[in-house]
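One structure is given below, encoded as structure tokens.
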Amino acid sequence: MSDLRFDPVSGHWTVIAGNRNNRPVEFLSAERVRKRLICPFCGGNEQETPPTNIMYASDGSQVDSNVDEHGNENEGWSTRVVSNKYAAFGSIDSLVERKQDAEEGQDNPLEVGAGKVAHGPYIRSALPGPQELIIPSRRHISSVSSLYDNELKVLFRANQDRLNTLRDCNVAKHAMLFMNCRSEAGASLEHIHLQLIGSPVISDHLKNRVERNRLHLDSHKETLMSALLKWEIAKKTRIIYQAKYFTVVCPYASRFPFQVWIVPNDPSVSFLEIDEDVRDELAYMSRDVIRRLEEALDNPSYNFLMHMAPFGQMAADHWYMEFFPRTTRAAGFELGTDVWVNPIAPELAAKRLRS
């Protein structure tokens, strides 16, 4: 018997249809990673990407982008950040430079007010957001589960640094940090990399999520996610495990089989401001969640993303990370109604991931 569930965080309805679990092709893999002769993200192939925006050594320190006669950069990097090769608006660092020029009265200021323009009966954005790629290892690896401890720590420091830099340039209203791993999750290259995109507009979906949290905060004096987390911890059926700073849970109205959240126990500090020990725990837990998913589901493609409120509204929101393997596809009912059908109850997923 199916179970129709509402997610008060996202506003999605989800059908938990456990009776579909035994269909013979439910979780067939369709991995078709594009093979290349030269991987542009491996150490020694730096000339294959746009110039490096920032580079980190294995101890987390920033290192110079020294280029040899072949166009290859410093051999000691652990994490490297480059602009998206096909981005329409350039790098985050170029925005910072233009902001500084504008503050000093020089030419070429940022025209933040030109964000939305009319196009006949439509509205379009004239201010595309900056896009960066964050490459977490010079080694050719295909999953976060293969990252060493020091690579993980440096990666999450880089994530925090670049989000702060994007916020400070005062152009993007919201940032999305995410990873597509393997082809079924949307990755075009096997070598893992995160993407950071700054958006000059705030979607209705995000506005609605922030407003639901605001209403709950005003009424109950705690974030919506805090209330849900307390209830989940009391029930225990969907909790995978808890640590000092974070809790890992399968959300009640999971849209996807084996969907997982990592939720901060303390919502008062945004990811942009958390201390190193908190950041490191999040890094290790992220790898652990992915290892559990890969062991349970035979190395599926997966996505993970960081949900944050728009810049300027983070203090009243509760950020969290979301992970989901790509074991099913949206079909006509989901696409036509935005009501999701999930063949695996989150209680069963959490039980399997706990073990």
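Here are some notes:
- Beta carbons closer than 8 Å, at least 6 apart along the sequence or on distinct chains, pair a first residue in region 133-153 that is assigned by TED's automatic domain parsing to the domain that holds residue 186 and touching a residue at least 12 places away in the same chain (Cβ under 8 Å) with a second that is among the β-branched types (Val, Ile, Thr) and part of a helix (DSSP H, G or I) for 136/144; 136/154; 143/290; 144/290; 145/290; 152/144.
Residue by residue, here is whether (1) under 22 Å from the mean Cα position of the chain (by Cα); (2) modelled with pLDDT of 90 or more; (3) part of a loop (DSSP other than H, G, I, E, B) holds:
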| position | (1), (2), (3) |
| --- | --- |
| 5 | no, no, no |
| 22 | no, no, yes |
| 44 | no, yes, yes |
| 53 | yes, yes, no |
| 60 | yes, yes, yes |
| 66 | no, no, yes |
| 72 | no, no, yes |
| 75 | no, no, yes |
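- Meets criteria (farther than 30 Å from residue 60 by Cβ, outside any helix (DSSP H, G or I), of a type in the set (Gly, Ala, Ser) and outside the structural domain of residue 186 (by TED's automatic domain parsing)) for residue 254: yes
- In the set 162, 212, only one residue is in contact (Cβ under 8 Å) with a residue 24 or more places away in the chain, crowded, with 22+ Cβ neighbours inside 10 Å and of a type in the set (D, E, K, R); that residue is 162.
- Among the residues of region 255-273, just one is under 28 Å from residue 352 (Cβ atoms) and charged (D, E, K, R), namely 255.
- Any chance residue 290 is under 18 Å from residue 254 (Cβ atoms) and either modelled with pLDDT under 95 or not in a helix (DSSP H, G or I) (or both): no
- Strands (runs of 3 or more DSSP E) lying entirely in region 116-228 (those with 2 or more residues that are closer than 24 Å to residue 85 by Cα): 122-125, 131-135, 174-181, 194-199
- Checking each residue in region 181-225 for being in contact with a strand residue (DSSP E or B) (Cβ under 8 Å, 6 or more places away or on another chain) and within 14 Å of residue 136 (Cβ to Cβ) picks out 181, 187, 191, 192, 193, 194, 195, 196.
- Selected residue [closer than 20 Å to residue 353 by Cβ, touching a helix residue (DSSP H, G or I) at 6+ places or on another chain (Cβ under 9 Å) and among the charged types (D, E, K, R)] from 276, 294, 322: 294
- Test result for residue 167, over 21 Å from residue 248 (Cα atoms), surrounded by 17 or more Cβ atoms within 10 Å (Cβ to Cβ) and either of a type outside the set (A, V, I, L, M) or not assigned by TED's automatic domain parsing to the domain that holds residue 59 (or both): yes
The values are calculated or read from the model by the stated rules, or taken from the named source; none is laboratory data. This is a predicted model, so every value here is computed, not measured. A quick note on method: Cβ atoms are made from the backbone with ideal geometry, for glycine too, and the neighbour counts reach across all protein chains shown.
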